[in-house]
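Following: one structure in structure tokens, then a few remarks.
The values are calculated or read from the model by the stated rules, or taken from the named source; none is laboratory data. Predicted model only: the values in this text are computed from it and were never measured. Cβ sites come from the backbone with ideal geometry, for glycine too, and all protein chains shown count toward neighbours.
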Amino acid sequence: MANPYDSGEPPVALTVSELNRQARSLLESHFDFLWVEGEVSNFAAPSSGHWYFTLKDGQAQVRCAMFRNRNQRIRFSPENGDHIRLRCRVSLYEGRGEFQLIVEHMEQAGAGALQAAFEKLKARLLAEGLFNPERKRPLPAPVSQLGVITSPTGAAIHDILTVLQRRCPAIGVSILPVAVQGDGAAEEIVNAIENANRWQREGRIALDALIVGRGGGSLEDLWPFNEEIVARAIAASELPVVSAVGHEVDFTIADMAADHRAATPSAAAEMLSPDQRELQQRLQVLEASLVRLMRRKLADAQIRLDHLRARLKHPGAQLREQAQRLDDLEQRLILAQKNLLQRKRGELALLESRLRAQSPLPRIQRLQRENGLLCQRLESAMQQRIAHAGERLAHLAQMLDSLSPLATLARGYAIISDASGEVVSDADSVKAGDRVSARLANGKLALTVERTEPAE
């Protein structure tokens with residue numbers, strides 16, 4: 001019977017490198033980070049700084065590698081026979097085809113109970129909503145006074161003060177000293193947080209935010225910051241709280257309860273302080289912008305001032321114009337009164353004559369005839385008068401045009417007036433530096449006298 005899987009072609013074979021590469025890919029994609037506990041054996045620390053060892057229990061063993069960038073953060077030196085817990089990922093060393101663990105974090109196995117307590121409290125507070133982002137407050141900006149809850153002799157306070165002095169020395173610091181490890185440390189931290197908030201409410205102190213933290217250490221050293229009372233005190237704080245516990249790899253319950261977490265105390269100080277060099281650069285940019293704006297505003301104001309000065313008339317000229325207008329209105333009023341009085345007198349005389357007449361019809365007929373004759377005479381006289389007036393007007397206009405100063409101005413002459421509006425006819429009436437105006441046929445010129453010369 002023929003083999004159904006036999007296609008007649010030789011099967012495709014993988015190289016050893018390809019096999020190991022695929023096996024490594026499958027392992028790394030299948031397993032996430034996990035915790036493994038066991039005993040250290042065959043520990044080696046070559047000059048490269050990497051750590052290589054075997055992790056074993058009573059039935060099995062596995063090769064482990066912890067590279068230098070990770071093991072530098074470990075606060076103890078593992079030895080053969082130590083019982084440890086590893087946070088690692090599963091991989092395969094392709095060169096030898098060996099299954100191995102790539103270690104990210106290492107701690108002594110005695111911390112296992114504490115880790116379990118940590119995870120239990122974390123899960124309970126998470127379910128309660130204590131870590132919800134919605135309840136966390138933003139950082140104030142700018143910060144003028146900062147409260148620091150930490151050990152007064154530890155490295156954390158030194159790092160915070162150093163960063164603040166470098167970045168923004170103007171920020172005031174109030175240190176609330178507490179124990180950061182050992183019995184009673186959690187209670188001291190809670191009391192410091194509550195005191196800071198109470199003093200803030202009472203006006204005894206003015207703080208913008210709190211830093212709660214310490215330097216790095218083992219899980220046992222950091223345990224006060226994993227206490228429930230500390231987490232609840234941080235969550236209840238009216239002041240924004242920045243948690244800065246340990247190093248970047250350290251993560252505590254306090255970090256999750258705080259409004260903001262900083263990887264280190266130095267990072268917390270940087271988070272809450274502006275860089276004074278950046279502020280100086282920004283101030284210089286704003287100063288330059290302000291100078292440019294002021295110069296532009298002054299230039300615009302000067303242009304408007306020059307324009308208004310050019311439009312401004314002398315008060316004397318305005319008074320003369322108003323006086324002339326008043327005289328014109330007075331003459332028009334007098335003429336209107338005379339015309340009205342004359343018309344009323346004529347109407348009155350007509351009424352009197354009509355009353356004196358006994359028979360209105362003959363008089364009306366006579367008046368009609370007289371009126372017709374008068375209309376003819378009036379029409380003839382008006383035509384003659386209009387013709388005579390037109391001739392006279394044309395003659396007078398011709399004379400006026402020949403005598404008008406405007407005709408003289410049109411030939412290129414000008415009328416010079418001093419600042420008071422008086423006509424200048426004598427060069428000796430002005431001196432160098434005086435302001436005069438020249439009336440042309442079309443427009444005026446504002447002039448300044450440079451010198452005067454006698455007539456030749």
Checklist entry - Where residues in region 33-73 are within 52 Å of the chain's Cα centre (by Cα) and among the small types (Gly, Ala, Ser), which of them is surrounded by the fewest Cβ atoms within 10 Å (Cβ to Cβ)? => result SER48
Checklist outcome for this item: Note: among PRO138, PRO169, PRO142, PRO133, just one is touching a His at 6+ places or on another chain (Cβ under 9 Å) and over 30 Å from GLU28 (Cα atoms), namely PRO138
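What tally of residues in region 51-84 results from selecting those that are in a loop (DSSP other than H, G, I, E, B) and farther than 23 Å from LEU219 by Cα?
Here is the first cut: in region 51-84, the ones in a loop (DSSP other than H, G, I, E, B) are 57-60, 67, 72-82.
Next, from what is left, pick out any that are farther than 23 Å from LEU219 by Cα: 57-60.
Adding up the residues that qualify gives 4.
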Checklist entry - Can you name every residue in region 122-151 that is in contact (Cβ under 8 Å) with a residue 12 or more places away in the chain, closer than 22 Å to ASN226 by Cβ and not in a helix (DSSP H, G or I)? => result LEU130, PHE131, LYS136, GLY147, VAL148, ILE149, THR150, SER151
Item to check | Any chance ARG85 is surrounded by 15 or more Cβ atoms within 10 Å (Cβ to Cβ), under 54 Å from the mean Cα position of the chain (by Cα) and farther than 15 Å from PHE53 by Cα | outcome: no
Checklist outcome for this item: Across region 162-176, the tally of residues that are assigned to a helix (DSSP H, G or I) and either over 19 Å from ALA268 (Cα atoms) or in contact (Cβ under 8 Å) with a residue 24 or more places away in the chain (or both) stands at 4
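Test of understanding: among ALA407, ALA397, ALA441, which residue is of a type in the set (Gly, Ala, Ser) and in contact (Cβ under 8 Å) with a residue 24 or more places away in the chain?
Details: ALA407 fails: in contact (Cβ under 8 Å) with a residue 24 or more places away in the chain; ALA397 fails: in contact (Cβ under 8 Å) with a residue 24 or more places away in the chain.
From the options ALA407, ALA397, ALA441, the qualifying one is ALA441.
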Item to check | Output for region 192-222, where each listed residue is closer than 30 Å to HIS105 by Cβ and of a type in the set (Val, Ile, Thr) | outcome: ILE193, ILE211, VAL212
Next on the checklist: What are the pairs with Cβ atoms under 8 angstrom where one residue, in region 44-71, is in the same structural domain as SER218 (by TED's automatic domain parsing) and the other, located anywhere, is at pLDDT 95 or above and in a helix (DSSP H, G or I)? Sequence gap at least six, or different chains.
Outcome noted: none
Checklist entry - Among (1) at pLDDT 90 or above; (2) touching a Pro at 6+ places or on another chain (Cβ under 9 Å), which single condition is ARG354 missing? => result (1)
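A quick yes/no check of all residues on (1) under 16 Å from SER273 (Cβ atoms); (2) over 30 Å from the mean Cα position of the chain (by Cα):
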| residue | (1), (2) |
| --- | --- |
| VAL148 | yes, yes |
| GLN165 | yes, no |
| ILE171 | yes, no |
| LEU176 | no, yes |
| ALA192 | no, yes |
| ASN197 | no, yes |
| ARG204 | no, yes |
| GLY213 | yes, yes |
| GLU220 | no, yes |
Checklist entry - Quick one: how many residues across region 53-75 are modelled with pLDDT under 90 and of a type in the set (A, V, I, L, M)? => result 1
Checklist entry - Say we look at region 177-191 and pick out the residues that are assigned to a helix (DSSP H, G or I) and touching a residue at least 40 places away in the same chain (Cβ under 8 Å); which of these is surrounded by the fewest Cβ atoms within 10 Å (Cβ to Cβ)? => result GLU187
Checklist entry - For ILE157, all conditions in the list (1) in contact with a helix residue (DSSP H, G or I) (Cβ under 7 Å, 6 or more places away or on another chain); (2) crowded, with 18+ Cβ neighbours inside 10 Å; (3) not assigned by TED's automatic domain parsing to the domain that holds ARG85 hold save one; what is the number of the exception? => result (1)
